[in-house]
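A quick write-up on the structure given underneath.
The values are calculated or read from the model by the stated rules, or taken from the named source; none is laboratory data. Everything quoted here is computed from the prediction, not taken from an experiment. So basically every Cβ, Gly included, is an ideal-geometry build from the backbone, and we count neighbours across all protein chains shown.
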Amino acid sequence: MSTSSTSTLGLTLGFFHHFVELHGGRYAFQGLSTKDVCMKFVKPFTASSQLSLVDHVLRNDPESDLYVQPATWFVSHAWNYMFLDVVDALRDFFDDLGVDSDSVAVWFCMFNNNQHLVQGQVRFEFWVDSFQRALTSIGNVVMVLSPWYNPTTLTRAWCVFEIYVAIVTDARFEVAMAKAQKEAFLDDIKDDSAFYKMLGTINSEEARTAVPSDRDNIFHALQQANLFFADLDRMLFNVLEAWMLRTIQSQVNVSIGDDKAQWLAAMGAMNIDKRLYDEAKVCFTDAVHLYRQPTGRTDDPRIWKAMARIGEIHVNTHQPRTVWEPIFQKAMAHQTALLGESHYDTLTTILLLGQAYVVGGDIALGLSILTKCFQLSDGVYSDERPLILGLMNMIGMAYSYLNQLHEAHAWRQRCYDRAVRALGKTNPLACFSAFNLCTSQLKLGEYIPATLLMQDVYESRRRKHGATHDDTWFAYIRLGHLYVFQGKYDTASRILYESDDARSILSSTTQLQCRLGLGMLYLSNGEFESAEQHLSSVHQEYKLMLSATHP
């Protein structure tokens, strides 16, 4: 045996395939989870030696040099996954890396841990040491996810522990999916709500173990390391988002014609979510060009869906009405003719147009359009998709701008309740609805419930984006506003001065909110000159940004 005794050994993926063939081939493994395979095949196979499968092969297989090698990847997965799905996911993952998958050795808990000890009285520390030493030594983690939008892996506390070790050791962290799951992802990601659905499922704090004391011990280890569940979740957000972007880009690279245009549109939608508007505009512009082939065609409704997103980009980058209005109107006219007024894509364009009018200051027109759109949509389309919640949020905003505060609050409360019911509190759309509801509560003087809800929003954004993201700072600053209104000036001062110290990394809008909060704080403390200076400058800048008549 040529492998070093100091290496963390694993079995090659080639051995995984060999093991399957030894026990009847893929047919014999159909429908079997990793746990099933352990009980049906691994434990009987190693019964004579009472060793782990890795050690058993090392001692007894004449081809151990071929199969037992220093592990270069640590595999994190849930034992209720179908074993063949895991094997196929790993094969596809290594193939995508451009390496010979059969030659890659991995640390796989069912094979590396002695399964004859599992049922015995083995201390928690033994398993912690086994996982931690292996992961630290290997330095590369690949987590198998299934299904992609609600992966079981993330509900298992041992997998959470593996993420923790990956963070503290600065290990490379990647994602693998079985072919069927990857195909589902590629199909689902074309739906605007798919990414939100996935984000809403990630909550490592809710993870469980088969042995309750293991969960307690794992979470104690995280606390000892001063690591929060939000840190784990954010790492997963980042890894999954990066994987999604790489996967979509690879589809763009290998596709042609309409297929390429669809992937460009999917990439553009993700860039809008990330506020990368220049990149998003390029994607949608290129998609429109491909959809129009042969040159000049106008009868493909996907052209107008992409054009509506270009109009949305113009609104989000504060372009004048003369730029975005004709784009929306033309897109809406073509979609109505091609799809009908009640089609989801047509209604989404109407939502974007109504939103543009409200944000641009033509509130009565925007509200009229949004209300009609809601009447056509409600009860027809699911609350799980962005359309209904988007309409309710914007109608609430319009009423708020019109100073009809109770009507605004009613719309926003209903919107938040429906979002939580359909998607759960941690979903980004529910979080956005919560933020808007807080705004209405603040305006009505309901400071205590607003503060509690804004604290949830802040924690949710911190978990998703991290403490330094602009959205997180914005929610934090709004908390500062709420503490000013409650007369809790020490807490407000700490938040607002901390935010002001970070102004170099804040967007212009978030900086204005910080200065507004400081102005209110100075006014409350009787520092009238400083208050006048801050509030006047904020007022002037908002006039330049939005117009002098904007509410």
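Only one of the listed residues (Ala419, Ala408, Ala434, Ala475) is without any contact (Cβ under 8 Å) to a residue 60 or more places away in the chain, farther than 30 Å from Met520 by Cα and touching a Lys or Arg at 6+ places or on another chain (Cβ under 9 Å). That residue is Ala419. Within the stretch 124-151, residues that are at pLDDT 75 or above and surrounded by 20 or more Cβ atoms within 10 Å (Cβ to Cβ) have Cβ atoms under 6 Å from residues that are in a loop (DSSP other than H, G, I, E, B) and among the acidic types (Asp, Glu) in no pair, counting only partners at least 6 apart in sequence or on another chain. Figure legend. Inter-residue proximity from the stretch 375-387: first residues within 11 Å of Leu351 (Cα to Cα), second residues of a type in the set (Phe, Trp, Tyr) and surrounded by 12 or more Cβ atoms within 10 Å (Cβ to Cβ), beta-carbon distance below 9 Å, spacing 6+ or different chains. Indicated pairs: Ser377/Tyr344; Pro386/Tyr196; Leu387/Tyr344; Leu387/Tyr381.
Among the residues of the stretch 368-385, those that are under 26 Å from Leu442 (Cα atoms) and buried (at least 21 other Cβ atoms within 10 Å of the Cβ) comprise Leu370, Phe374. Exactly one residue among Thr322, Thr317, Thr348, Thr371 is within 28 Å of Leu240 (Cβ to Cβ) and modelled with pLDDT of 95 or more, and that residue is Thr348.
Per-residue answers, yes or no, for (1) surrounded by fewer than 21 Cβ atoms within 10 Å (Cβ to Cβ); (2) of a type in the set (Val, Ile, Thr); (3) closer than 30 Å to Arg461 by Cβ:
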residue	(1), (2), (3)
Asn238	yes, no, yes
Val252	yes, yes, yes
Ile256	yes, yes, no
His289	yes, no, no
Pro294	yes, no, no
Lys305	no, no, yes
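Selection of the stretch 314-331 for residues being surrounded by 18 or more Cβ atoms within 10 Å (Cβ to Cβ) and either more than 22 Å from Asp258 (Cβ to Cβ) or free of Cβ contacts under 8 Å to residues at least 12 places away in the same chain (or both) yields His314, Val315, Trp324, Glu325, Phe328. In the stretch 275-302, the residues that are under 22 Å from Ile248 (Cα atoms) form Cβ pairs under 9 Å with partners that are loosely packed, with under 13 Cβ neighbours inside 10 Å and charged (D, E, K, R), at six or more places apart or across chains, as follows: Ala280/Lys274; Tyr291/Arg297. Considering Thr439, Thr451, the condition of being within 24 Å of Thr317 (Cα to Cα) and among the hydroxyl-bearing types (Ser, Thr, Tyr) is satisfied by Thr439 alone. Looking at the stretch 386-500, the helices (runs of 4 or more DSSP H) lying wholly inside it that each contain 3 or more residues that are surrounded by fewer than 17 Cβ atoms within 10 Å (Cβ to Cβ) and not small (Gly, Ala, Ser) sit at 405-423, 447-465. Taking the stretch 24-46 as the range and being in a loop (DSSP other than H, G, I, E, B), touching a helix residue (DSSP H, G or I) at 6+ places or on another chain (Cβ under 8 Å) and either of a type outside the set (S, T, N, Q) or surrounded by fewer than 17 Cβ atoms within 10 Å (Cβ to Cβ) (or both) as the test, the residues that pass are Gln30, Leu32.
Looking only at the stretch 425-465, filter to residues that are within 14 Å of the chain's Cα centre (by Cα) and among the small types (Gly, Ala, Ser); which one of those is nearest to His481 (Cα to Cα)? Filtering the stretch 425-465 for residues that are within 14 Å of the chain's Cα centre (by Cα) and among the small types (Gly, Ala, Ser), the one nearest to His481 (Cα to Cα) comes out as Ser460.
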